[in-house]
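Right, one structure below, let's go through it.
The values are calculated or read from the model by the stated rules, or taken from the named source; none is laboratory data. Because the structure is predicted, anything quoted here is derived from the model rather than measured. Methodologically, a virtual Cβ is constructed for each residue, glycine included, from the backbone with ideal geometry; neighbour enumeration extends over all protein chains shown.
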């Protein structure tokens, strides 16, 4: 049999590890990704500010997966569940089992104004380009107008890291966060909301809630309320979507995530399993799980076990995720929840880097994360 894994992120690599040790060598396992490296995605904002580098958050995929899993560096163009077929920029492959773990990309929700001049943060290349663009933008300006569309986790982390970089370069930073929501990070408790509100007031961040970007002429931004922000460095963090839609009969959320059953497979295609950011997975409370590294790792490992079980003739098991929590580092503070306990302040910054270090791919990366954990909680506003 031929088993294919699409995507070399947390989910895909964990699926490869599990199948590599649980499926006999008479079966062939392939992993397809357009890059030969994988990235610690939670650290992309730190690449923008320069707190971490590409070398600190990447590793060659072949070093992480079993030697019997063949790495194919190709870009997937099409996936057909009906035909059990994958089309890449170079080849067409037939599979017996498939792990679809393609991840996500930026969703502009139909916004089309000067897209080529909007900065995004959905992969390593994008993070490096944001840094290059920002440093070029501030060269001739003493005062910088930074505008972020999207005041969620990614938008706030990106804003804080660009603020950090601008301050280090001696610039006056005017940060504007724009979001359609009626409240910033509505999942926070009142205590945590008040905590970050005070910190953002110190940094003079402006939040335009229940608002949105209506026009962007390449330099100036017009908001829904009619206000114009001139000479803006514009970043988009308003949401993500699936990079491509497979051909087949399945249900999906508006953002493209494919709805799976309790075994992480498709109802109409028993040989197709979905993991990571590509999967819409119901939690124990009936709501869809958020996109998170921990869920990607867990789901990837679980689909690997279930495919191995099907091939080996044993019973597949339902997925029972454990929510380990989350932390958002915010320059001089943080908010989050770890194992049901709220986290705030500089200790959360320390925890962020340590946790990323533990999930990072090699000893060198771990050491650099630990160094950041020791250094950056003491950043002065």
So the helices (runs of 4 or more DSSP H) completely within segment 278-381 holding 2 or more residues that are within 27 Å of residue 161 (Cβ to Cβ) and within 18 Å of the chain's Cα centre (by Cα) are 293-312, 346-359
Counting only strands (runs of 3 or more DSSP E) wholly inside segment 32-78, the ones holding at least 2 residues that are more than 17 Å from the chain's Cα centre (by Cα) are 69-73
Can you tell me which residue is farthest from residue 350 (Cα to Cα) among those in segment 36-61 that are surrounded by fewer than 16 Cβ atoms within 10 Å (Cβ to Cβ) and in contact with a strand residue (DSSP E or B) (Cβ under 8 Å, 6 or more places away or on another chain)?
36
Report yes if residue 97 is closer than 29 Å to residue 249 by Cα, buried (at least 16 other Cβ atoms within 10 Å of the Cβ) and in contact with a helix residue (DSSP H, G or I) (Cβ under 8 Å, 6 or more places away or on another chain), otherwise no.
yes
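Report yes if some residue within segment 16-27 is in contact with a strand residue (DSSP E or B) (Cβ under 6 Å, 6 or more places away or on another chain), crowded, with 23+ Cβ neighbours inside 10 Å and over 29 Å from residue 354 (Cα atoms); otherwise report no. Before you say what the answer is, go through the steps one by one.
First, the residues of segment 16-27 that are in contact with a strand residue (DSSP E or B) (Cβ under 6 Å, 6 or more places away or on another chain): 16, 19-20.
From what is left, the residues that are crowded, with 23+ Cβ neighbours inside 10 Å are 16, 19.
Remaining after also requiring over 29 Å from residue 354 (Cα atoms): none.
Within segment 16-27, not a single residue is in contact with a strand residue (DSSP E or B) (Cβ under 6 Å, 6 or more places away or on another chain), crowded, with 23+ Cβ neighbours inside 10 Å and over 29 Å from residue 354 (Cα atoms).
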Among the residues of segment 7-36, write down those that are within 11 Å of residue 100 (Cα to Cα) and either at pLDDT below 95 or out of contact with any helix residue (DSSP H, G or I) (no Cβ under 7 Å at 6 or more places or on another chain) (or both).
32
Looking at residue 110, is it part of a loop (DSSP other than H, G, I, E, B), on the phi > 0 side of the Ramachandran plot and in contact with a helix residue (DSSP H, G or I) (Cβ under 6 Å, 6 or more places away or on another chain)?
no
Filtering segment 178-220 down to residues that are without any contact (Cβ under 8 Å) to a residue 12 or more places away in the chain and more than 19 Å from residue 381 (Cβ to Cβ) yields 186, 187, 190, 193, 214
